[in-house]
Amino acid sequence: QPAELRRLVCEASEREEQTGKISALWGRVGELYAAIRYGVKLSRRHAQGHDGRLGNELVEIKTITPRKRKLFVRAKRAGNFSMLAVIRVRPDHQFEARIVRRDRLPKGNDGVYVVLSWSRVCALAEPIG
């Protein structure tokens with residue numbers, strides 16, 4: 001793992017130990033991992049509806065943090081993305097990642113968000129990279 005990714009993981013873990021709350025840095029950790037693992041070119045901070053590009057595809061990146069008890073992610077249906085990358089950081093800080101094309105996401109009940117468990121993400125994902 002590149003040094004910046006290791007540094008961010010350590011910093012996020014330390015913040016959690018100090019505060020007892022999930023660190024917001026985990027989102028950045030997931031984005032950086034997607035960039036390394038899949039070659040996602042990250043967008044500028046706070047781009048509307050996506051976090052980066054994979055070729056011509058817009059990618060939304062969601063991270064499952066090590067301390068999260070229920071393994072799921074939530075993404076805005078209105079987001080401007082064609083692929084959803086889900087990065088799971090295990091408690092031992094090992095990474096797992098899957099990418100799901102938007103057209104494979106469940107249609108749902110027209111709610112604002114699509115909610116996916118890690119097992120559902122794995123079932124819907126396509127082999128990429």
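The values are calculated or read from the model by the stated rules, or taken from the named source; none is laboratory data. All values derive from a computational prediction rather than experimental measurement. Counting neighbours? That spans all protein chains shown, and the Cβs are built from the backbone with ideal geometry, glycine included. The accessibility values were calculated without ligands, DNA or RNA, using every heavy atom of the protein model including side chains. Shrake-Rupley method; radii C 1.70, N 1.55, O 1.52, S 1.80 Å.
Suppose all protein chains stay in the model; what accessible area per residue would a 1.4 Å probe give for the chain, in Å²?
Details: 7700 Å² over 129 residues.
I get 60 Å² per residue for this part.
So what is the 222 nm mean residue ellipticity for the chain from helices alone, if each DSSP H run of at least 4 adds -39500 (n - 2.57) and you divide by all residues, rounding to the nearest 500 deg cm²/dmol?
On the way: 3 runs with 38 residues, N = 129.
It comes out at -9500 deg cm²/dmol, rounded to the nearest 500.
Within segment 75-106, list the residues whose amide N lies under 13 Å from a label point set 7 Å along Cα→Cβ of Lys68.
75-76, 85-91, 96-98
Report relative contact order for segment 56-129 in percent, whole number only (criteria: Cα-Cα under 8 Å, sequence separation at least 6). Show your work: numbers first, answer last.
Numbers: 128 pairs, mean separation 23.7, N = 74.
Relative contact order of segment 56-129: 32 percent.
Give the shape of segment 30-88 as rounded, prolate or oblate, defined through the alpha-carbon gyration tensor: a ≥ b ≥ c are the square roots of its eigenvalues, a/c under 1.5 means rounded, and otherwise the shape is prolate if a/b is larger than b/c and oblate if not. Present the calculation step by step, with values, prior to reporting the outcome.
Numbers: a/c = 2.05, a/b = 1.37, b/c = 1.50.
Note, shape of segment 30-88 comes out oblate.
Find the relative contact order for segment 18-81 and round it to a whole percent, using C-alpha pairs within less than 8 Å whose residues are 6+ positions apart. Don't jump to the answer; show the numbers that get you there.
Working: 72 pairs, mean separation 18.0, N = 64.
RCO, segment 18-81: 28 percent.
Shape call for segment 86-129 from the C-alpha gyration tensor, a ≥ b ≥ c root eigenvalues: rounded (a/c under 1.5), prolate (a/b greater than b/c) or oblate? The partial results should precede the final answer.
Working: a/c = 2.99, a/b = 1.63, b/c = 1.83.
It comes out oblate by the Cα gyration axes.
Of all accessible surface on the chain at a 1.4 Å probe, what whole percent is carbon and sulfur? List each step's numbers first, then the result.
Details: 3620 of 7700 Å².
Carbon and sulfur together cover 47 percent of it.
Suppose we keep just the alpha-carbon trace of the chain; what are its Rg and Dmax in angstrom?
14.2, 42
Tell me the relative contact order for the chain as a rounded percent, counting alpha carbon contacts under 8 Å between residues six or more apart.
Numbers: 218 pairs, mean separation 24.0, N = 129.
This gives 19 percent for the chain.
Roughly what % of DSSP beta bridges within the chain run antiparallel, to the nearest 5? Before the final figure, lay out each step's value.
On the way: 18 of 24 bridges.
The antiparallel fraction comes to roughly 75 percent.
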